[in-house]
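Following: one structure in structure tokens, then a few remarks.
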Amino acid sequence: MLQRNWMLAIISSPRVSVLVNGAATKQFKLQNRIRQGDPLSPFLFIIVMEGLKVALFEAMEKGFYKGIDLPNNGPKLSIFQFTDDTLFLGKVVWVAWNKVLSSKASGGLETGSFQALNFAFLCKWWWKFKHDQVSLWTEVIKALHGSDGSLGRSRSAAYRSGTWGVISNINSDLNKINVELNDMFLRMDVG
């Protein structure tokens, strides 16, 4: 975090000074932001590559990535970094999905449930079609599926498949477990 703040200060600061043999030069104003070919570019590249290496080693420690073991007690190879290239050597280790979803303290990535996130997005698009009559999204669905968007019609309709088929039936699917999508959104709007 300290390096990131320091780099941001270097890039965005209107005045900088350079250390020459440990002594600061007179400050000068930067005319443009750092670009390719700038004397600071290699330095910033090294800092970023060091961060990448640290992240890779952390992934190896947690068992998400595995380098290549060389025979005859040779070294384990995981990454080659050159002047402007990086080559990863090894394989991604498949991890139980519950482990990935778990908290960072438990060694996971703390991503939460993608199934719940997907469900929330599907509900959002259903709601948007139902209540936003002037959007391009609504016009497209009406043009393809009729003025009611075929909401709640049987899934067996041959012309309704894929994502819109799932979205259009989401309310009836929820009704089967006694959840009314309209009521859920209204409760959210009110309180």
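Nothing in this text is a laboratory measurement; each read-out follows from the coordinates by a stated rule. Note that the structure is a prediction, hence the values are computed from the model and not measured. Cβ sites come from the backbone with ideal geometry, for glycine too, and all protein chains shown count toward neighbours.
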Checklist entry - Which of the aspartates and glutamates could a cross-linker span from Lys91 if the Cα-Cα distance has to be under 13 Å and same-chain partners fewer than 8 positions apart are dropped? => result Asp69
Checklist entry - What is the pair-distance distribution P(r) of the stretch 50-98, computed from all Cα-Cα distances in 5 Å bins starting at 0, with each bin given as a whole percent? => result 5, 19, 26, 23, 16, 8, 3, 1
Checklist entry - When Lys and Arg each count +1 and Asp and Glu each count -1, what net charge do the other residues less than 14 Å away from Gly107, Cβ to Cβ, add up to? => result 0
Checklist entry - Given R₀ = 30 Å, FRET efficiency for Phe43-Asp69 by Cβ-Cβ distance, to 0.05? => result 0.35
